[in-house]
1. For segment 206-214, take each phi angle, set θ = phi - 60°, evaluate the Karplus expression 6.51 cos²θ - 1.76 cosθ + 1.60, and give the result in whole Hz per residue in order, putting x for glycine and proline.
2. Which semi-axis lengths, in whole Å and largest first, follow from the square roots of five times the eigenvalues of the Cα gyration tensor of the chain?
3. Could you provide, to the nearest whole Å², the per residue accessible area of the chain with probe 1.4 Å?
4. Find how much the distance from Arg136 to Leu9 grows on full extension, using 0.36 nm per residue of separation minus their present alpha carbon separation; answer in nm with one decimal.
5. Using only helices, what value at 222 nm comes out for the chain when you add -39,500 (n - 2.57) per DSSP H run of length 4 or more and divide by the total residues, to the nearest 500 deg cm²/dmol?
6. Under a plain spin-label model, where a point goes 7 Å from the Cα along Cα-to-Cβ, how far apart in nm are Thr2 and Thr204?
7. Positive end of the dipole of the chain, charges at C-beta (+1 Lys, Arg; -1 Asp, Glu), about the Cα centre: which of Val127, Pro96, Gly21 has its Cα farthest in that direction?
8. Could you check the simple spin-label distance between Phe30 and Tyr226, using points 7 Å along Cα→Cβ, in nm with one decimal?
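The values are calculated or read from the model by the stated rules, or taken from the named source; none is laboratory data. It should be emphasised that the depicted structure is a prediction, and the values quoted were computed from it without experimental measurement. Note that we place each Cβ from the backbone using ideal geometry, even for glycine, and neighbour counts take in every protein chain shown. Calculation scope for accessible area: heavy atoms of the full protein, side chains included, ligands and nucleic acids excluded. Shrake-Rupley method; radii C 1.70, N 1.55, O 1.52, S 1.80 Å.
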Amino acid sequence: MTTLRWVILIAITGGLIFFPGLFEPVLRPFAPEGGPVIYDRATLANLSAAHVTLVLLAMVPSTVLAVSLAILVTRPAGAEFLPMSRVLTNIGQTFPPVAVLALSVPLMGFGSRPTILALFLYGMLPVFENALAGLRGVPDSVLLSGKAVGMTSRQMLTQVEIPLALPLILEGTRISIVIALSTATIGSTVAARSLGEVIIAGLTSNNLAFVVQGGVLTGCIAVLIYDVFGVLIGIAKRRSGREPR
């Protein structure tokens, strides 16, 4: 079933990106009488690449910062920063991305930068909480064994704690990226290039065929990335011994 789902998702995603004309008969009922069926103001391949790049530019630094904060607050010297870190990541998650865009455009101008800032703030909480749970979940017996064989604090972190916490860290990253892929569509309201451009063009011209193209393509990319992370999480679990090989 999983293989079949992958084949269908890749076929739909690849078809919409590289051969959108193939979907014209399916989409025509959604287009207005005499109106265009396939979005042609830019190629869906370029918009998809810009959309994914936008998410990566936000999520890579967001993940690095969230994991770093989780590591800091699980060290004895950084434990007192846990409440402040939670407040920081919670504000980023609860502050609506639309409000971030509205506030940042006067400072940063139109384009991709306000959207990257909004996605950066929005993506921190799931990664931080999952990394925190993963690092706290390392059994005391394992930590004691590491100390008993003379491992330094850095060796304990890089060779024991992070590998054991990695499945949960990846799970948090997966949630954040999937949310970011959907949220990135609103970036087109401030002139960021993304698949939201197709959806907004459909809304403003009352052309549901455009809305379906942008929505389906965004959803398929999100599900594909979700499944790829599922594979990575499975590998991390097997390597950490938390799942049978």
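1. For segment 206-214, the Karplus curve yields 6, 10, 5, 4, 5, 4, 5, 4, x Hz.
2. Taking √(5λ) for each eigenvalue gives 40, 23, 11 Å, largest first.
3. Details: 12770 Å² over 245 residues.
I get 52 Å² per residue for the chain.
4. 42.1 nm
5. -23500 deg cm²/dmol
6. 4.3
7. Val127
8. Result: 1.8 nm between the two label points.
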